[in-house]
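Novice: Mind having a look at this structure? Questions to follow.
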Amino acid sequence: MKIKAVYPGSFDPVTCGHIDLIRRGSVIFSELVVGVADNPRKNHLFTTEERLELIIEATHDIPNVTVVSFKSLLVDFAAGSGAKVILKGLRAVSDFDYELQMSLTNRRLASDIETVFMMASEEHSFVSSTLIKEIAELGGELSSMVPGFVERALKKRLPGR
Ligand code: PNS
């Protein structure tokens, strides 16, 4: 059975943890649409277009992965993409409460769309975009946490490094 999924997030910026999940998700699902949330209320370091471009660069070799941005409710984005599954990554117990709340809310909004969780690989289970920005700002070593082109984009955006 062919199952299409969406993998949503802010991706500010995309990390090795996200990329690992996209790769593993692309093996399980017939098509995986990475959805970059375009939420003007969030104070992002990178624009929606920049976040999108970095993910495209990171996933260009995976044929069944596409990358788009969305402004709508996640369930409407999933339905509009023809996907019945929302893929999410779980790193640690600390992710659980928020993810549970979002998955139950999304189920209330659209009961035919299922949220499926995959555990982050242990190698990346501590990596977060928020910490990556802080490390970049303070000049720390990032090469095992983000691809080289993301590190370069961070250096350009945070010249204080
Ligand atoms: O990477 P993030 O910031 O944890 O991703 C959060 C995201 C984009 C998945 C969430 O904010 C979202 O689903 N936004 C779309 C708007 C929406 O549907 N809100 C209700 C979700 S319960």
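Novice: One residue is enough: does segment 46-59 have a residue meeting the conditions modelled with pLDDT of 95 or more, within 13 Å of the ligand (Cβ to nearest atom), basic (Lys, Arg) and within 11 Å of VAL6 (Cα to Cα)?
Specialist: Taking every residue of segment 46-59 in turn, none turns out to be modelled with pLDDT of 95 or more, within 13 Å of the ligand (Cβ to nearest atom), basic (Lys, Arg) and within 11 Å of VAL6 (Cα to Cα).
Novice: Hey, another quick one. Checking ASN39 against (1) within 14 Å of the ligand (Cβ to nearest atom); (2) in a strand (DSSP E or B), which single condition isn't satisfied?
Specialist: (2)
Yes/no matrix, rows are residues, columns are (1) over 21 Å from LEU131 (Cα atoms); (2) crowded, with 18+ Cβ neighbours inside 10 Å; (3) touching a residue at least 40 places away in the same chain (Cβ under 8 Å); (4) hydrophobic (A, V, I, L, M, F, W, C):
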| site | (1), (2), (3), (4) |
| --- | --- |
| GLY25 | yes, yes, yes, no |
| LEU32 | yes, yes, yes, yes |
| GLY35 | yes, yes, yes, no |
| THR47 | no, no, no, no |
| HIS60 | yes, no, no, no |
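Novice: Confirm whether GLU122 is exposed (fewer than 12 other Cβ atoms within 10 Å of the Cβ) and more than 16 Å from ILE22 (Cβ to Cβ).
Specialist: Numbers: exposed (fewer than 12 other Cβ atoms within 10 Å of the Cβ): yes; more than 16 Å from ILE22 (Cβ to Cβ): yes.
So GLU122 passes the test.
Novice: Now a separate question. Taking only segment 1-23 into account, find how many residues are assigned to a loop (DSSP other than H, G, I, E, B) and touching a residue at least 12 places away in the same chain (Cβ under 8 Å). Before you say what the answer is, go through the steps one by one.
Specialist: Filtering segment 1-23 for residues assigned to a loop (DSSP other than H, G, I, E, B) gives 1-3, 10-15.
In the following step, the residues that additionally are touching a residue at least 12 places away in the same chain (Cβ under 8 Å) were identified as 2-3, 10-15.
So the count comes out to 8.
Novice: Here is a follow-up. Would you check which residues across segment 81-99 are more than 9 Å from the ligand (Cβ to nearest atom), at pLDDT 95 or above, open to solvent by 70 Å² or more (accessible area, probe 1.4 Å) and part of a helix (DSSP H, G or I) and list them?
Specialist: The answer is PHE96, ASP97.
Novice: In addition: If SER103 meets every condition in (1) within 16 Å of the ligand (Cβ to nearest atom); (2) in contact (Cβ under 8 Å) with a residue 24 or more places away in the chain apart from one, which number is that one?
Specialist: So the condition that SER103 fails would be (2).
The values are calculated or read from the model by the stated rules, or taken from the named source; none is laboratory data. Here the structure is a predicted model, which is why all the values come from computation and not from measurement. Because the Cβ atoms are built from the backbone with ideal geometry, glycine has one as well, and the counts that use them run over all protein chains shown. Side chains included, ligands, DNA and RNA excluded: accessible areas come from the protein's heavy atoms. Shrake-Rupley method; radii C 1.70, N 1.55, O 1.52, S 1.80 Å.
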